[in-house]
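Reading through the structure tokens given below for one structure.
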Amino acid sequence: MALLRPSSRIRRRGTGGDRIWTWLMVPGTLWMTGFLIASLVLVAVLAVGTTDDLGNPRFGFDLSGVRALADPAYSEVLARSLGYALLTCAICLLIAYPVAYTIALHAGRYKHALIAAIVVPFFANYLVRMYGWSVVLSDDGPVLRTLRAVGLADGNTKILNTGVGVVAGLVYGFVVFMIIPLYAALERLDVSLIEAGRDLYGGPVRTFFFVTLPATRQGAAAGLVLVFLPAMGDFVSAQLMGGPDQIMIGNLIQDKFFQGQNWPLGSALTMLLMLVLLIGMLGYLRRTRKDEAEARR
């Protein structure tokens with residue numbers, strides 16, 4: 001009995017410490033949840049509101065803004081935004097996985113310095129980075145000059161004001177959100193599993209697809225969500241590196257709120273965007289629960 005007392009005391013102490021941390025999380029959680037719910041309610045109310053003669057929003061009940069979403073032009077913009085976001089996710093995954101794999105498993109003592117070298121530049125303001133990227137991709141920028149020098153482009157080749165430019169901006173802006181979760185997943189990976197996979201499957205490619213990739217798919221899924229959510233609603237990349245044919249739903253929302261003075265339609269578009277993002281988030285949570293259930297078996 002005497003031997004059991006210290007362990008029970010430690011267990012009680014740990015429970016009390018967990019309770020303290022739980023209570024410390026309550027104020028911040030309530031603060032963030034309250035403002036999130038309040039903003040969503042406000043946007044939903046404005047979506048069925050009206051505007052006066054000067055374009056100022058007025059509370060009321062008018063479904064003209066919601067009915068306007070049936071316009072094929074808005075469906076086209078939404079589909080384009082979804083396509084850009086999905087393509088951005090795919091390219092970010094292809095870029096980030098080799099980077100994260102190399103740093104986590106082969107960088108040794110330099111891994112933390114390399115991660116810092118990747119992350120620190122992204123502390124700069126997003127708008128400033130997008131302006132700099134637009135200069136790099138401009139007609140006289142270093143990218144096109146290099147492509148022309150090696151014969152891969154001519155004088156008529158453009159990157160800005162095209163879909164390629166918009167996706168390039170989105171990839172540059174959000175690729176770090178893919179690298180970090182992949183790096184965390186790969187760093188937790190037991191290297192002995194890779195060694196056993198090489199003995200079992202006999203090659204690095206088969207080992208990667210049958211061992212490494214399944215073991216890190218939760219990190220990849222987290223990265224896909226972290227890239228997809230901001231890319232879907234981004235408007236800076238399309239505004240700086242796209243043209244009239246490349247506008248995204250974020251540009252429409254910005255235009256309706258600040259230039260068109262049509263707050264009900266802007267709010268309705270915002271709710272539509274939130275619905276798409278919610279579907280993506282629910283899909284991620286469902287997949288995560290499924291993976292956790294399979295891991296417990």
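The values are calculated or read from the model by the stated rules, or taken from the named source; none is laboratory data. Keep in mind it's a predicted model, so treat the numbers as computed, not measured. Note that each Cβ is placed from the backbone with ideal geometry, even for glycine, and that neighbours are counted across all protein chains shown. In case anyone asks, the SASA skips ligands and DNA or RNA and just uses the protein heavy atoms, side chains included. Shrake-Rupley method; radii C 1.70, N 1.55, O 1.52, S 1.80 Å.
Key figures
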{"item": "Residue within region 98-109 that is in a loop (DSSP other than H, G, I, E, B) and open to solvent by less than 70 Å² (accessible area, probe 1.4 Å) present", "result": "yes"}
{"item": "Filtered residue count, region 241-250, keeping only those that are in a helix (DSSP H, G or I) and crowded, with 19+ Cβ neighbours inside 10 Å", "result": "4"}
{"item": "Residue within region 199-218 that is open to solvent by less than 20 Å² (accessible area, probe 1.4 Å) and over 30 Å from V167 (Cα atoms) present", "result": "yes"}
{"item": "Residue list for region 19-63, restricted to those being more than 31 Å from the chain's Cα centre (by Cα) and hydrophobic (A, V, I, L, M, F, W, C)", "result": "I20, L54, F59, F61, L63"}
{"item": "So P264, is it touching a strand residue (DSSP E or B) at 6+ places or on another chain (Cβ under 8 Å) and either in a helix (DSSP H, G or I) or over 20 Å from Y126 (Cβ atoms) (or both)", "result": "yes"}
{"item": "Breaking point among (1) open to solvent by 60 Å² or more (accessible area, probe 1.4 Å); (2) modelled with pLDDT under 90, for D139", "result": "(1)"}
{"item": "In region 190-230, residue modelled with the highest pLDDT [restricted to those that are part of a helix (DSSP H, G or I) and of a type in the set (S, T, N, Q)]", "result": "Q218"}
{"item": "Contacts under 6 angstrom Cβ, first residue in region 84-103 being more than 25 Å from G250 (Cα to Cα) and at pLDDT below 95, partner in a helix (DSSP H, G or I) and open to solvent by 50 Å² or more (accessible area, probe 1.4 Å), 6 or more apart", "result": "I103/L114"}
{"item": "E187 vs. criteria over 23 Å from the mean Cα position of the chain (by Cα) and open to solvent by 20 Å² or more (accessible area, probe 1.4 Å)", "result": "no"}
